[in-house]
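Worksheet for the structure shown next.
Nothing in this text is a laboratory measurement; each read-out follows from the coordinates by a stated rule. Note that the structure is predicted; figures quoted are calculated from it, not measured. All Cβ positions, glycine included, derive from the backbone under ideal geometry; neighbour counts span all protein chains shown.
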There are 2 protein chains.
Amino acid sequence: MEVLPLPELVKLASEVLETAPGEAFQYAPIGRHLGNPHLRAEIARFHGAEPDRIFVGNGSLQVLDLLAGHLLGGGGPSPVYVEAPTYDRAWRIFERHGGRVVGVPLEGDGVDVEALRALVSEQVPAFFYTIPDFQNPSGVCLSGEKRRALVALAEEFGFVIVEDTPYRRLRFHGADLPLLASLGGDRVVTIGSLSKILSPGLRVGYAIGTKALAISLAELAEDTYLTASPLSQAVAAKSFEHGLVDSTIRSVNTFLEPRHDAAVAAVAQVFGDDLLAVPGGGYFLGVLADCAVAEDEFMASARDAGVLLARGSAFYPGARPTPGRLFMRLPFQALTEDEFVAGVRRLAEVLQ
Amino acid sequence: MEVLPLPELVKLASEVLETAPGEAFQYAPIGRHLGNPHLRAEIARFHGAEPDRIFVGNGSLQVLDLLAGHLLGGGGPSPVYVEAPTYDRAWRIFERHGGRVVGVPLEGDGVDVEALRALVSEQVPAFFYTIPDFQNPSGVCLSGEKRRALVALAEEFGFVIVEDTPYRRLRFHGADLPLLASLGGDRVVTIGSLSKILSPGLRVGYAIGTKALAISLAELAEDTYLTASPLSQAVAAKSFEHGLVDSTIRSVNTFLEPRHDAAVAAVAQVFGDDLLAVPGGGYFLGVLADCAVAEDEFMASARDAGVLLARGSAFYPGARPTPGRLFMRLPFQALTEDEFVAGVRRLAEVLQ
């Protein structure tokens with residue numbers, strides 16, 4: 001995270017330490033395993049949801065791990081459908097919990113819903129996992145139409161949708177699209193994170209689902225690590241209360257918007273239609289390009305040219321992208337405009 | 001934890017916030033997944049072990065969960081042998097990771113090593129789990145002789161011993177017994193916790209094993225929650241550095257010793273030889289008593305008499321204690337001497 005409100009976080013953390021040190025350093029009181037009630041009330045306001053539907057854990061990846069354990073636990077191997085490409089740590093978590101992970105092609109406006117329908121018709125999954133806003137690794141946003149179609153599909157076949165939303169508030173252009181949870185009643189679980197909008201080091205993430213789901217996650221969390229960090233949760237609660245989350249979102253977006261715009265211009269110029277989508281927010285652009293050489297060789301050449309990329313195929317569970325095509329995740333958030341443009345030009349040379 | 005050095009913790013946490021706020025609120029640097037190097041160096045000194053054999057996680061239960069995932073992951077169901085009774089959250093973690101948990105009778109000087117040998121001869125386990133010092137729930141200490149016998153057995157049959165040591169430093173009487181790790185080379189993994197000797201709210205625990213094991217745990221942790229709380233780790237490191245762990249151990253022991261002594265006297269008077277062991281430290285006394293009624297009925301009567309107990313049978317995986325016998329965990333750390341003595345008398349009346 002490039003824009004971190006350090007002095008404000010230090011000030012609020014010091015307030016927590018002075019006014020409620022017992023809360024920070026003692027075991028959480030019995031019955032607190034859903035998370036700090038003050039923080040859950042603030043998250044509830046942030047999302048327009050009821051506090052007792054909210055479970056708070058040590059970062060959103062940990063929450064996803066507990067959720068996967070809950071949704072996949074007990075039974076035999078179940079299918080989990082995900083976008084392809086998708087966040088690599090997520091699909092590896094699902095596999096570790098016994099899920100049989102199947103990728104569904106991602107298009108410029110989100111997952112191919114008809115391909116998902118075909119899969120679901122064959123076998124109903126434990127859940128479908130999506131990152132609807134400014135997806136990691138592709139930058140793609142799920143269109144409003146597809147959001148409604150997905151929720152209708154989940155209703156028709158009776159499966160859970162897990163929507164992971166770490167980048168949702170990092171919107172530089174256009175209007176918000178509805179959360180799937182706002183369209184889908186009880187079938188959608190929303191995962192949220194403060195890592196991109198307050199502080200990654202706090203390790204605070206949450207899930208919003210039914211009350212019963214929140215309790216199940218809390219019980220599993222208690223059996224796994226007793227309680228999430230009380231100090232981090234108290235600092236997060238105070239940050240919401242004092243408007244620090246809102247002001248950090250504004251600062252981050254002001255900081256990232258020109259980087260996004262310059263990155264889009266540079267990639268469109270160099271890669272044309274191979275740019276999967278113009279995100280309008282988030283951290284990433286995705287490119288799916290022709291490539292005559294194997295991925296290993298491409299990555300070695302890119303490295304020699306001074307460009308370090310994540311391995312594109314790692315974002316595809318099982319099946320790789322079409323043979324002869326190469327997926328690249330291009331993160332624009334941590335590079336200056338000049339650095340990013342120079343990197344894209346070097347990549348284009350490597351691919352020629 | 002009854003004795004919590006709150007003002008000192010607040011002071012050291014404030015120092016961390018003022019001198020290294022980036023460390024507290026930013027992602028940990030790449031390659032930090034073993035844990036904060038400063039903290040690992042302090043734990044290394046505390047244990048006389050090399051820092052690169054140490055992995056730090058969000059509390060010792062989380063570390064145990066990762067360790068179980070590592071030792072049980074991948075293969076089919078493996079046996080895990082544990083003391084019976086043992087810490088209930090531990091054996092449930094092992095089951096959740098696919099372990100087939102088998103209890104081995106606990107005697108006044110530790111696990112029945114010959115019974116364990118018979119089991120191991122039949123099938124070598126993924127690991128044997130023990131709480132060698134002031135065991136939860138029984139207060140039993142593993143004798144020096146049995147420690148050596150266990151380590152020899154692990155060598156002979158080639159299995160891992162996991163020793164969990166949260167109460168080890170809470171010794172009020174007698175001399176330390178050697179850590180199994182100090183007797184057993186590479187086959188023993190030591191789990192440690194700061195919850196009883198500094199602060200439970202910090203959620204800092206660790207494992208000490210081989211370098212390869214530490215790296216495996218770090219990779220699994222990264223795939224599960226990215227990094228353990230940077231702020232908590234920095235506060236823990238500073239606490240070691242400033243002698244706060246040592247002084248807290250002294251305060252806790254000074255506080256608990258009279259509670260232990262009064263509890264032992266009261267239980268010996270009321271329950272005689274049914275007291276499993278005189279611990280000389282820790283939090284618990286264990287009693288295995290005759291009981292004519294079912295456990296549910298006993299617990300209801302105890303509750304009516306104003307005594308809230310954990311369910312004794314929950315500490316026994318699979319098999320229960322001998323029929324007609326009842327196991328009671330009697331925690332003396334959170335009650336005054338008078339409260340404890342009164343509670344024991346009420347329990348004796350319920351049992352008559």
From the helices alone, meaning DSSP H stretches of at least four residues, give me the mean residue ellipticity at 222 nm for the protein assembly as shown, per-run term -39500 (n - 2.57), in deg cm²/dmol to the nearest 500. -14500 deg cm²/dmol
In Å and on Cα atoms, what radius of gyration and Dmax does region A:214-352 show? 19.9, 54
Across the alpha-carbon set of region A:155-205, Rg over Rh with Rh taken as the Kirkwood radius works out to 1.05
Debye sum, Cα scatterers, region B:204-265, no solvent: what log₁₀ I/I(0) at q = 0.16, 0.18, 0.20, 0.25 1/Å? -0.75, -0.82, -0.87, -1.03
Provide an ascending nm list, one decimal, of label-point separations from residue A:346 to the equivalent residue in each further copy; define each label point as 7 Å from Cα along Cα→Cβ. 7.2
Of the listed links A:11/B:11; B:11/B:238; B:146/B:211, those spanning more than 19 angstrom between alpha carbons are B:146/B:211
In Å, what is the Rg of the alpha-carbon atoms in the protein assembly as shown, and how long is Dmax? 27.1, 88
Cα pair distances of region B:1-113 binned at 10 Å [whole percent]: 11, 26, 33, 21, 9, 0
For region A:64-185, average projected area of the Cα convex hull in nm²: 7.1
Using the scaling law 2.2 N^0.38 Å as the reference, what is the normalised Cα Rg of region A:141-182? 1.26
Translational D in µm²/s for chain A (Stokes-Einstein at 37 °C, 0.692 mPa s, Kirkwood Rh from C-alpha pairs): 156
Descending semi-axes in Å of region B:268-308, equivalent ellipsoid built from Cα gyration tensor: 22, 13, 9
Please compute the average number of Cβ atoms from other chains found within 10 Å of each residue's Cβ in peptide A:19-25. 5
Say R0 is 51 Å: what FRET efficiency, to the nearest 0.05, do residue B:156 and residue A:114 get from their beta-carbon distance? 0.25
Among A:111, A:341, A:82, determine the one that fluctuates most according to a GNM of chain A built with springs between C-alpha atoms less than 10 Å apart. A:341
Reference-scaled alpha-carbon Rg (2.2 N^0.38 Å with N residues) for region B:129-285: 1.16
Under a GNM of chain A (C-alpha, springs under 10 Å), which listed residue has the highest mean-square fluctuation: A:90, A:310, A:214? A:310
What does the copy distance list look like for residue A:311, label position 7 Å along Cα→Cβ, in nm and ordered from shortest? 4.6
Have a look at B:118, B:263, B:342 and tell me which one the Gaussian network model of chain B (Cα, springs below 10 Å) gives the largest fluctuation. B:118
Between residue B:22 and the same site in the other copies, what are the distances in nm, shortest first, taking label points 7 Å from Cα along the C-beta direction? 3.8
Taking every eigenvalue of the Cα gyration tensor of region A:44-84, multiplying by 5 and rooting it, what semi-axes result, largest first, whole Å? 25, 13, 11
Over the Cα atoms of region B:311-352, what Rg and Dmax result, in angstrom? 12.6, 36
